[in-house]
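The values are calculated or read from the model by the stated rules, or taken from the named source; none is laboratory data. Remember, predicted model here, so these are calculated numbers, not experimental data. Here the Cβ positions follow ideal geometry from the backbone for every residue, glycine too, while neighbour counts run over all protein chains shown. To get the accessible areas, we keep the full protein, side chains included, count just its heavy atoms, and leave off ligands, DNA and RNA. Shrake-Rupley method; radii C 1.70, N 1.55, O 1.52, S 1.80 Å.
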Amino acid sequence: MAPVQTQSTDELERAFQDAVDADGRIEPRDWMPEGYRRTLVRQIAQHAHSEIIGMQPEGNWITRAPSLRRKCILVAKVQDEAGHGLYLYSAAETLGVDREELLDLLHTGRQKYSTIFNYPTTSWADVAAIGWLVDGAAIMNQVPLTRCSYGPYARAMVRVCKEESFHQRQGFEAMSVLAQGTPAQRRMAQDALDRWWWPSLMMFGPSDTDSPNSARSMAWGIKRFSNDELRQRFVDATVPQAEHLGLTVPDPDLRFDEATGHYAFGEIDWTEFATVMRGDGPCNRERLAHRVGAHEDGAWVREAAAAYAAKQAGRGAREAA
Amino acid sequence: MSDYTAAGGHGAVPTTGVPSDERGARRSQPLWEVFVRSRRGLSHTHVGSLHAPDAHMALRNARDLYTRRQEGVSIWVVAAADVVASSPDEKDAFFDPAGDKPYRHPTFYDVPEGLTHL
Amino acid sequence: MTPLPTSGLGVDLDVAAYALRLGDDALVLGQRLAEWAARSPQIEEDVALLNLALDQLGAARSLLTHAGRLLGPDADGHVRTEDDLAFLRDEPDWTNALLVELDGGDFGRTMARQLLVSAYQVPLYAALGSSADEGIAGVAGKAVKEVAYSLDHARSWVVRLGDGTDESHRRVQTGLDEVWPYAFELFERDPLVDRLLERGVAADPAAIEQQWQATVQEVLAEATLTVPETTWRPTGGRRGAHTTGFGYLLAELQHLHRSHPGARW
């Protein structure tokens, strides 16, 4: 059936923006501005890449987890991250891209992933800190995305957020056991907080004034809160938790501001952020090489599965004939 | 400094200077749409998609990916290429005509006050 | 922990030793499977392999806890927990079969090993579901469904690799050849098994081997793979004599726990 009438791009764009402004949802085959589509593909893909690369720093501790209970929790968590990556790639594919192509963009370093995963996990407490801080920050980012204007992304995030709530909690629990443990465990916990605090704050991205595209993403209903708003929310939620643990947040300028009702905190080192994003963080090369290695090592398996499927299809056709 | 946003979920990622996609030929394994019946008495509901080389593996991947927390009692997988969908362009012709037939809904009719079982 | 009396309270060293064998098999295989995290051939397979790992680890925890109770309190009146048994035993005290401790190798070898282990665990746990020992019967009743899924997964992949490309056929055949001789230790009888068979606690190795052979032969035929011909039968795991690689596995498994004696996690 031919479309009943053809609308001009202006009309389509207006109808699209009206739908977004009315908090409606855009679905895969709806008309959408090309910029909206491209922004979403890039964002969802890089979100997926972050989940997949994010398996490495914690996966690194699975074989060494200090109790069987912690080992099971960690395996389940790393498995969830693989699952979240898959949900997200699946959402990206509704926009007409192919996962293999997105993986290429990751493997060749043309698309990025969150800088946070370019730091090493050198102690068990890092696993706890990642759950508590990194997943805590991720939840701040992800909960608003459950109301994103693009339906498949919003639905994937509902699923992710539901599953992710256990991630932060297990991290805090693991941290709290360490904080109440032996002197060596307490030292481990404080050291992990010292190393993960600032990178966690950087996860929210540069200040809004340095983020010109944020405004457009907000107009499109892809982004709901500014980088600074989310970061403030994270600091306000996390500082009391650190106090509860008896740990010290490594920021001499941190103080509660009675007037605003928020914590004021020190200057973030954006040079470090830029360095890590550029590819010169402690683990950028290692993470990417590991990912590419796994993909290349697995090529023969994927080829075998495709070859078998083709043979089976051929057999089926012969039987039917 | 190029632009970064936190909206990428797990942390800030650049939004400029990064290609979005290249629209090359599809090279992934076939895509399958997954439907899960969450409990007996309910319909299968679409939950997402996944890649698998064939239907057998698609069903197993779906089990591993979409029912890790006992979300289902039954799964369907359908090759995405086999799904026939209505087009958003035809939305008005398809769905608007149903909009002016309020007599199909029970609320269209007056029921005398006090009467039940109607 | 409250000291317990040093005798009585259902101490049963034979059943404890048997539960430890089962638990050690599950724990060591779970550890090997978990090594695939973030390096499997496709992301879907990461999810699947970690599911298999979680199933093995879950069974291991129950079995080790059960074994600890049956062992009874040690000299200090302490009943060994799952973690005591997992992290504080030295290599000669581990009684897993050699097959599960072998390095996973490539995906072909991992799946070949998984097929051999799962084809054993399915009839094993099915039989143990009616073990005279309630603890073992309970674990087996739950695990039997899990290992059935593992078998299905291993079978799916062995068939696809065997009947896939030339390279995949060669690789999975090589992996199978390497792990095959180790399978037969699973069906060994020794005085412990004899005593527990008499008590209706253990599963009969001969009956399990028969079912194992049937399953494995069928899958290998479908996969166009050749049943390896070798009479070499490496053994020793059940009495604590392990392969070189096992020491490294234990070092990785135990080092953190042992570095902080008495700590809670």
* Working from the alpha-carbon coordinates of the stretch A:55-199, get Rg over Rh, Rh being the Kirkwood radius. => 1.01
* Structure fact -> With all protein chains present, the stretch C:13-228 has a carbon and sulfur share of its accessible area (1.4 Å probe) in percent of 51 percent
* Structure fact -> Charge dipole of the protein assembly as shown built from unit charges on the beta carbon (Lys, Arg +1; Asp, Glu -1), centred at mean Cα; most positive-end Cα among A:256, A:225, C:20 is C:20
* **Residue-averaged [θ]222 nm for chain A, counting only DSSP H segments that reach four residues, each worth -39500 (n - 2.57)** => -21000 deg cm²/dmol
* Of all the Cα-Cα pairs you can form in chain A, what percent are over 26 Å apart? -> 54 percent
* Net charge near residue A:126, counting Lys/Arg +1 and Asp/Glu -1 over other residues with Cβ under 10 Å of its Cβ? -> -1
* Asked: To the nearest whole number, what is the average tally of beta carbon atoms from other chains within 10 Å of the beta carbons of peptide A:102-111?
  -> 3
* Asked: What is the packing order of peptides A:200-206, B:82-88, C:232-238, taking the mean over residues of other C-beta atoms within 10 Å and listing the highest first?
  -> A:200-206, C:232-238, B:82-88
* Which loop-located chymotrypsin sites (Phe, Trp or Tyr not before Pro) does the stretch A:1-90 contain, where loop means any DSSP state but H, G, I, E or B and the Cβ has at most 12 other Cβ atoms within 10 Å? -> none
* Mind listing P(r) for the stretch C:148-249? All alpha-carbon pairs, 10 Å bins, whole percents. -> 13, 36, 34, 15, 2
* To do: Compare the peptides B:90-96, C:160-166, C:89-95 by average per-residue count of other Cβ atoms within 10 angstrom and give them in order, highest first.
  => C:160-166, C:89-95, B:90-96
* Point-charge dipole on Cβ atoms (K/R +1, D/E -1) for the stretch B:26-108, about Cα centre, debye to 20 -> 580 debye
* Asked: the protein assembly as shown: percent of C-alpha pairs farther apart than 52 Å?
  -> 18 percent
* Asked: Mind checking which lysines have their C-alpha under 27 Å from residue A:223, skipping anything on the same chain fewer than 8 residues away?
  -> A:77, A:112, A:162
* FRET efficiency estimate (nearest 0.05) - Cβ-Cβ, residue A:23 to residue A:315, R0 60 angstrom -> 0.70
* To do: Have a look at the stretch A:132-195 and give its Rg and Dmax from the Cα atoms, expressed in angstrom.
  => 15.4, 49
* Asked: Once Lys and Arg get +1 and Asp and Glu get -1 on their Cβ, which of A:241, A:170, A:275 lies farthest toward the positive end of the dipole of the stretch A:152-304?
  -> A:170
* Arrange the peptides C:53-62, C:76-85 so that the one whose residues have, on average, the most other Cβ atoms within 10 Å appears first. => C:53-62, C:76-85
* To do: Report the calculated FRET efficiency for residue B:69 and residue A:69 (r = Cβ-Cβ distance, R0 = 22 Å), to the nearest 0.05.
  => 0.75
* So what's the stretch C:13-228 giving for Cα Rg divided by 2.2 N^0.38 Å, two decimals? -> 1.02
* Mind checking the per residue accessible area of the stretch C:13-228 for me, 1.4 Å probe, whole number of Å²? => 32 Å²
* Asked: For chain A, what relative contact order do you get, as a whole percent, if you take Cα pairs closer than 8 Å and at least 6 residues apart?
  -> 18 percent
* Please work out the average accessible area per residue across the stretch A:72-223, using the 1.4 Å probe convention, and give it in Å². => 27 Å²
* B versus A: buried accessible surface, summed, Å² (probe 1.4 Å, to nearest 100) -> 4800 Å²
* Asked: Of B:65, B:55, B:103, which is farthest along the charge dipole of the stretch B:26-108 in the positive direction, counting Lys and Arg as +1 and Asp and Glu as -1 at C-beta?
  -> B:65
* Within 10 Å of each Cβ of B:81-90, how many other protein chain Cβ atoms are there on average? -> 3
* Asked: Per residue of A:41-49, what is the mean number of Cβ atoms on other protein chains within 10 angstrom of that residue's Cβ?
  -> 6
* How high is the relative contact order of the stretch B:26-108, in percent, counting Cα pairs under 8 Å that sit 6 or more residues apart? -> 31 percent
* **Estimated [θ] at 222 nm from DSSP helical runs (n ≥ 4, -39500 (n - 2.57)) normalised by residues in chain B, nearest 500** => -4000 deg cm²/dmol
* Structure fact -> With +1 at each Lys and Arg Cβ and -1 at each Asp and Glu Cβ, the charge dipole magnitude of chain C around its Cα centre, to the nearest 20 debye, comes out at 320 debye
* **Dimensionless Rg over Rh [the stretch B:26-108; C-alpha; Kirkwood]** => 1.15
* To do: Compute the accessible area of each residue in the stretch C:219-265 twice, once for its chain alone and once with every protein chain present, using a 1.4 Å probe on heavy atoms, and list those whose area falls by at least 40 Å².
  => C:252, C:256, C:260, C:264, C:265
